[in-house]
1. So if I restrict to the alpha-carbon atoms in the chain, what is the Rg, and what is Dmax, the biggest pairwise distance, in Å?
2. Apply the Karplus curve 6.51 cos²θ - 1.76 cosθ + 1.60, θ = phi - 60°, to the phi angles in the stretch 39-52 and return the couplings in whole Hz, x for Gly and Pro.
3. Lysine pairs, Cα distance under 21 Å, 8 or more residues apart or cross-chain: how many in the chain?
4. Restricting to DSSP H runs of at least four residues, report the calculated mean residue ellipticity at 222 nm for the chain, -39500 (n - 2.57) per run over all residues, nearest 500 deg cm²/dmol.
5. What translational diffusion coefficient, in µm²/s and rounded to a whole number, does the Stokes-Einstein relation yield for the stretch 20-75 at 20 °C and a viscosity of 1.002 mPa s, taking the hydrodynamic radius as the Kirkwood radius over Cα pairs?
6. Can you list residues whose amide H is under 5 Å from Ile22's amide H, if they're 5+ apart or on another chain and H is modeled 1.01 Å from N?
7. Along the stretch 66-78, what does the Karplus equation 6.51 cos²θ - 1.76 cosθ + 1.60 (θ = phi - 60°) give for ³J(HN,Hα), rounded to whole Hz, x for Gly and Pro?
8. Based on alpha-carbon centroids, what's the gap between the stretch 1-62 and the stretch 88-107 in Å, whole number please?
Amino acid sequence: MAIEPGQSIPNVMLKEMTPDGIKDVSTAEFLAGKKVIMFGVPGAYTPVCSTSHLPGFIEQADKLKSEGVDAIACVAVNDPFVMSSWGEMHGATGKVHMLCDPSAELTKALGLDLDLGAFGLGARSQRYSMVIENGVATTVNIEKSIFDHEASAASALLASAA
């Protein structure tokens with residue numbers, strides 16, 4: 001079962017590349033006392049993720065933060081080196097935290113994992129976006145297909161806030 005509004009985000013350890021190297025990021029600590037947008041992508045450098053999904057959150061970061069969002073996080077089942085390079089390529093630094101879920105622990109706990117072996121990608125995440133307040137999902141948007149991105153886009157979250 002996929003996570004639904006009103007449910008807590010499980011506490012797992014993610015990874016983030018920082019200027020000091022790879023940092024462990026506890027979801028409980030990252031989300032505590034904050035309003036966070038977390039969005040998941042099937043993979044860094046993949047077509048829809050790179051042309052639309054991540055860029056939309058980077059472009060709308062200031063507007064989202066003006067709506068009371070404390071942090072924006074992109075989560076993918078990739079390694080921290082890939083996530084860091086992908087984020088830098090798109091100008092995510094200072095706008096979107098590029099978090100990796102290398103063993104899909106969070107992705108599986110959220111019920112948002114899928115097998116993309118047919119595309120050569122293996123275990124990955126469904127495409128989604130969530131608004132999380134103090135560790136509890138208040139909005140959950142899950143795409144029907146990995147090729148869709150309208151429901152989970154930054155623009156959709158902004159439209160629902162208006």
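Nothing in this text is a laboratory measurement; each read-out follows from the coordinates by a stated rule. Remember, it's a predicted structure, so these values are computed and weren't measured experimentally.
1. Every Cα atom of the chain included, Rg and Dmax give 14.1, 41 Å.
2. 10, x, 10, x, x, 4, 6, 7, x, 5, 4, 7, 8, 10
3. 16
4. Numbers: 6 runs with 41 residues, N = 162.
Result for the chain: -6000 deg cm²/dmol, rounded to the nearest 500.
5. Working: Rh = 12.6 Å.
For the chosen part, D equals 170 µm²/s.
6. none
7. 5, 8, x, 7, 7, 8, 10, 10, 9, 10, 9, 7, 9
8. The stretch 1-62 and the stretch 88-107 have Cα centres spaced 6 Å from each other.
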